[in-house]
Each structure stands twice: as structure tokens, then as C-alpha cells.
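Peer 1: Here it is, the structure, as C-alpha cells.
The values are calculated or read from the model by the stated rules, or taken from the named source; none is laboratory data. Because the structure is predicted, anything quoted here is derived from the model rather than measured. For neighbour counting, all protein chains shown are included, and Cβ atoms are generated from backbone atoms with ideal geometry for every residue, glycine included.
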Amino acid sequence: MIPPITPVLDPPALGSGHASVRVVLVDDHLSFRAGLRELLGFHGLDVVGEAADGDAALQLVQETAPDVVVMDLDMPGVAGVEATRRISATAPSTRVLVLSASDEDTDVLEAILAGASGYLLKRGPIEDLVAGISRAAAGESTVSPAIAGSVLRRLRENAPAPAASSGLTDRELQVLRLIADGKDNGQIAAELHISPKTVKNHISNILMKLQIENRIQAAVYAVRAGLA
């Protein structure tokens with residue numbers, strides 16, 4: 001299943017001895033951005049810029065090199081999915097976390113396939129967003145539990161399978177299946193009796209061989225290929 005499908009837990013601690021996660025907010029509603037900026041600051045996150053559309057977001061990412069972009073989808077001009085695709089292509093070290101009012105399967109899938117590291121709903125609690133930002137900055141992925149199940153069903157029922165010749169080793173296929181089961185690196189390491197560092201290496205190889213951006217896309221691939 002698309003990871004994770006359980007409720008989002010508390011974010012990793014941002015202890016005072018560590019640099020705060022640097023965030024750019026992209027939403028066309030000024031009042032929403034202002035409220036979100038205040039809440040994220042209260043939780044120890046550093047909002048380094050704001051944009052009202054995808055064009056401004058792309059420029060801001062180039063100027064500020066944030067760790068995470070919190071991206072709305074429905075905006076004038078360059079909308080969220082296209083902005084996500086361009087950021088993923090031009091600033092791969094910056095993660096995009098979609099924060100949208102839409103729970104439509106099509107919107108979720110388009111965002112994920114464009115390179116989003118996660119997809120959360122605006123109606124969720126701020127703690128979920130803080131946790132999602134922290135996970136995105138750490139290279140992990142988050143999907144709101146309210147939508148993960150329906151997206152998984154749609155993938156299984158309607159999505160065509162990709163080419164079977166992926167070049168993955170047997171161990172990489174094992175790791176890929178566990179990613180699709182929603183396991184984090186520690187759980188995968190424990191189940192396969194290998195170190196978390198080895199898991200990270202396997203995941204890097206999987207992403208490179210499949211030419212995809214993140215764990216969510218890896219889970220999508222696994223479902224389409226009938227591995228999950």
C-alpha cells in the first residue's frame with residue numbers, strides 16, 4: 001500500500017542544536033499562508049518564503065533553496081502539479097509536499113507522479129503537516145490516511161502495469177515490496193535482518209534503476225507491477 005497509511009505520528013524532534021527545516025509556502029490565499037506561517041513557526045519550522053502561484057514558487061525555490069515546499073494544487077497561472085514537476089526536475093534536493101483541499105484520486109496520483117514527496121489534506125491537523133514536512137525533509141513520504149486506501153484501489157483496478165524488466169535484484173524487489181506495504185527503513189531493516197544504512201542503499205538503487213523520485217512513486221510502481 002502507498003506509505004504510510006496509518007495516522008501521521010509526531011515529527012522528529014528539531015532540537016535547538018540543529019538547523020530548522022527551511023520551508024516555502026505556495027498558496028494563492030494570503031490569509032491561509034499567514035496563518036500557516038505562524039503555526040509552522042510555532043512548531044520550530046523556518047518559513048523562508050511565500051508564493052501565490054507556481055511561477056513565483058519556481059523563482060523562490062531557486063533563490064532560497066528550501067528543504068521543503070508546501071504546495072497547493074489549485075492556483076492561477078502555473079498550477080501545483082506542473083510546479084511540482086518543474087521543481088522536481090530543476091531542484092531535486094528540494095522536496096515538495098502537497099497540501100490540498102482535494103481528496104480526488106486523480107489529483108493525488110498526478111501530484112505523486114509529478115514528483116511530490118507526499119500529499120496531505122488541508123482539513124487535517126497541523127501536527128500532521130509538521131510531521132509531513134519533517135519526513136519530507138528527511139527523504140521520507142507521507143499520504144493522508146483518508147486518501148491512501150482509495151488511491152491504492154484505483155491503482156490496482158485501473159493502472160496499466162509497467163514493463164517487467166526493471167533490473168532489480170531479488171533483495172531490491174524484497175525492499176520494494178516492503179516499501180509498498182508501508183514499512184519505514186527501520187522496519188524493513190528488522191524484517192530483512194540488515195542494517196538501516198543497507199536499506200537506504202537499496203532504496204537509492206531502486207529509485208535510480210526505476211528512474212523515479214521517491215518512495216511513494218516506488219510504491220505506485222510496485223502496485224502497478226503486481227508486486228503489492
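Peer 1: Give segment 81-125 a look and list any residue that's among the polar types (S, T, N, Q) and either in the same structural domain as S204 (by TED's automatic domain parsing) or over 22 Å from L40 (Cα atoms) (or both), or say none.
Peer 2: Matches in segment 81-125: S88, T90, T106.
Peer 1: Can you tell me which residue within segment 184-228, out of those that are basic (K, R) and at pLDDT below 85, is farthest from G132 (Cα to Cα)?
Peer 2: Checked segment 184-228; the qualifying residue farthest from G132 (Cα to Cα) is R224.
Peer 1: Given the residues I216, I179, I212, I194, which is the only one that is closer than 22 Å to L109 by Cα and either free of Cβ contacts under 8 Å to residues at least 24 places away in the same chain or surrounded by fewer than 16 Cβ atoms within 10 Å (Cβ to Cβ) (or both)? Give the steps one after another, and end with the answer.
Peer 2: Values: I216 fails: either free of Cβ contacts under 8 Å to residues at least 24 places away in the same chain or surrounded by fewer than 16 Cβ atoms within 10 Å (Cβ to Cβ) (or both); I179 fails: either free of Cβ contacts under 8 Å to residues at least 24 places away in the same chain or surrounded by fewer than 16 Cβ atoms within 10 Å (Cβ to Cβ) (or both); I194 fails: closer than 22 Å to L109 by Cα.
Of the residues listed, the single one that is closer than 22 Å to L109 by Cα and either free of Cβ contacts under 8 Å to residues at least 24 places away in the same chain or surrounded by fewer than 16 Cβ atoms within 10 Å (Cβ to Cβ) (or both) is I212.
Peer 1: Just to be sure I understand, how many residues within segment 69-80 are crowded, with 24+ Cβ neighbours inside 10 Å and out of contact with any Phe, Trp or Tyr (no Cβ under 9 Å at 6 or more places or on another chain)?
Peer 2: Adding up the residues that qualify gives 5.
Peer 1: Restricting segment 43-68 to residues that are hydrophobic (A, V, I, L, M, F, W, C) and either in contact (Cβ under 8 Å) with a residue 40 or more places away in the chain or surrounded by fewer than 18 Cβ atoms within 10 Å (Cβ to Cβ) (or both), which is farthest from L99 (Cα to Cα)?
Peer 2: My answer is A65.
Peer 1: If you don't mind, there's one more thing I want to ask. Could you list, in sequence order, the residues of segment 40-78 that are out of contact with any strand residue (DSSP E or B) (no Cβ under 9 Å at 6 or more places or on another chain) and either in a helix (DSSP H, G or I) or β-branched (V, I, T) (or both)?
Peer 2: F42, D55, Q62, V78 - these are the residues of segment 40-78 that are out of contact with any strand residue (DSSP E or B) (no Cβ under 9 Å at 6 or more places or on another chain) and either in a helix (DSSP H, G or I) or β-branched (V, I, T) (or both).
Peer 1: Tally up the residues in segment 106-151 that are more than 17 Å from V24 (Cα to Cα), outside any helix (DSSP H, G or I) and more than 11 Å from the chain's Cα centre (by Cα), please.
Peer 2: 4
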